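Read through the structure below, which is laid out as structure tokens, and then see the notes.
The values are calculated or read from the model by the stated rules, or taken from the named source; none is laboratory data. Only a predicted model underlies this, so the values are computations on that prediction, with no experimental measurement involved. A quick note on method: Cβ atoms are made from the backbone with ideal geometry, for glycine too, and the neighbour counts reach across all protein chains shown.
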Amino acid sequence: MNQHKCYITGEAYPKAALILGVAIRSNLKELIAADHPGFTDDKYININTLQQYRKKYLQNIIDNETGMAVKAEQDMVAAITAQELMATDNNKDAPLSTGEKMADKVAEFGGSWTFIISFGTVLAVWIVLNSVFLLSKAFDPYPYILLNLVLSCIAALQAPIIMMSQNRQETKDRQRSEYDYKVNLKAELEIRMLHEKLDHLMIIQMQKIMEFQQMQMDYMEEMNDRLTEHIADE
């Protein structure tokens, strides 16, 4: 029976048990050539050794898929973490000056029920003292000119302070709106990037599935050829 040597093992085999390099797919041939650089299209390899390289090639595909899945997961976690950090940094308030702190305190107190009740109590006491208890020696008799002066001064001072606080609040609201826009824009970009990565992974997986199928078809063709030769020999 005509025999040839396997380039990988160096042993002689029947021709039916050997495969020429030209009949092997390029991706599998590259894997064999990585271990045996002299393997070319005109060299023979026995079927059992070829099956081992097929298993090795498929195992490499599985390992690469696992590594890509882990990398995709790490990228996703990094993107989510960056998104959270961005939101945290943008929500920090800038340091306030003494005047801004005072304006906020005055505006907060002036717009509370505590101020309304306290001020109403002071007005009532003022009016009762000057109208009942100090009727003969009132320091501010009716129509309470001094009280009107005090109220006018308080209103004149309180109004610009409240406006200062409102202007600063508008600035803060505008900054928050800008931060929200940046966060939403970053989230949209990250989602788009994740979609692109998933699409890329799906394309690669489809290619790997096609390679698996090609390997199976090659194996089935070899089995069919060997069975045909076996039947012909009988």
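Do we have any residue at all in segment 155-176 that's at pLDDT 80 or above, more than 21 Å from ALA107 (Cα to Cα) and exposed (fewer than 12 other Cβ atoms within 10 Å of the Cβ)?
The answer is no; no qualifying residue exists.
Which of the numbered conditions does LEU149 fail, given that it passes all the others? Conditions: (1) closer than 30 Å to GLU178 by Cα; (2) at pLDDT 80 or above.
(1)
In segment 101-116, which residue that is farther than 12 Å from GLN158 by Cβ and either touching a helix residue (DSSP H, G or I) at 6+ places or on another chain (Cβ under 6 Å) or outside any helix (DSSP H, G or I) (or both) is modelled with the lowest pLDDT?
ASP104
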